[in-house]
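A.B. asks: The structure that follows is given in the form of structure tokens.
The values are calculated or read from the model by the stated rules, or taken from the named source; none is laboratory data. Since the model is a prediction, treat every value here as computed from it, not as a measurement. Positions of Cβ are backbone-derived with ideal geometry, glycine not excepted, and every protein chain shown enters the neighbour counts. All accessible areas refer to the heavy atoms of the entire protein, side chains included, with ligands and DNA or RNA removed. Shrake-Rupley method; radii C 1.70, N 1.55, O 1.52, S 1.80 Å.
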Amino acid sequence: MINPKVLTFMIDADGTITADVPGFCDLMCALRADGNRVVIVSGSNPDSPTGPTWQSKVAYLQSVGITQCWDELVVVSGDIPAQKALWCQQNNVDVAIDNSKPNANALVAAGLPLVLVPWATRSNS
């Protein structure tokens, strides 16, 4: 089937991808195989499993096998929910997947068409 519109998917790393690496790797690879754009957007938190920097996140993702299934990695800082929402607005994201309820609330408030919060790993922070 020909994909009539390329969709942009924003997926959080910490607590989302890291909660089910094989599952998200399969999902992200399938989305890309269908011609969609997959962007990992993560906050710069020194206590996170992936670390605070772009390079530490890349190193972590590579170490768990998430290598060829994403198009871009973006690390935001400061007010993480607001910065994720702003980035998604500015980059015309169609679908966001994030386990943080504050992030999801900010994304919904920013007008994203679809925001998914994985039930098993949802977080209040």
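A.B. asks: Could you check the range 32-118 for strands (runs of 3 or more DSSP E) lying wholly inside it with 3 or more residues that are under 18 Å from Thr8 (Cβ atoms) and free of Cβ contacts under 8 Å to residues at least 24 places away in the same chain?
C.D. replies: Where strands (runs of 3 or more DSSP E) fall fully within the range 32-118 and carry at least 3 residues being under 18 Å from Thr8 (Cβ atoms) and free of Cβ contacts under 8 Å to residues at least 24 places away in the same chain, they are 114-116.
A.B. asks: Out of the residues in the range 5-14 that are more than 13 Å from Tyr60 (Cβ to Cβ) and part of a loop (DSSP other than H, G, I, E, B), which is most open to solvent (accessible area, probe 1.4 Å)?
C.D. replies: Lys5
A.B. asks: Further, regarding this structure: Are any residues in the range 91-125 at pLDDT below 90 and of a type in the set (Ser, Thr, Tyr), and if so, which ones?
C.D. replies: Result: Thr121, Ser123, Ser125.
A.B. asks: Among what's in the range 42-70 and is within 25 Å of Pro4 (Cα to Cα) and in contact with a strand residue (DSSP E or B) (Cβ under 9 Å, 6 or more places away or on another chain), pick the residue that is least open to solvent (accessible area, probe 1.4 Å). Spell out how you get there, then give the answer.
C.D. replies: Within the range 42-70, the first condition is being within 25 Å of Pro4 (Cα to Cα), and the residues that meet it are 68-70.
The next check asks that each one be in contact with a strand residue (DSSP E or B) (Cβ under 9 Å, 6 or more places away or on another chain); those that pass are 69-70.
Details: Cys69: 1, Trp70: 43 Å².
Step by step, filter the range 42-70, then rank; the result is Cys69.
A.B. asks: Which condition number in (1) open to solvent by 20 Å² or more (accessible area, probe 1.4 Å); (2) under 20 Å from Pro102 (Cβ atoms) is the one that Ile17 fails?
C.D. replies: (1)
A.B. asks: Give the range 68-97 a look and list any residue that's within 21 Å of Met28 (Cα to Cα) and among the charged types (D, E, K, R), or say none.
C.D. replies: The answer is Asp71, Glu72, Lys84, Asp94.
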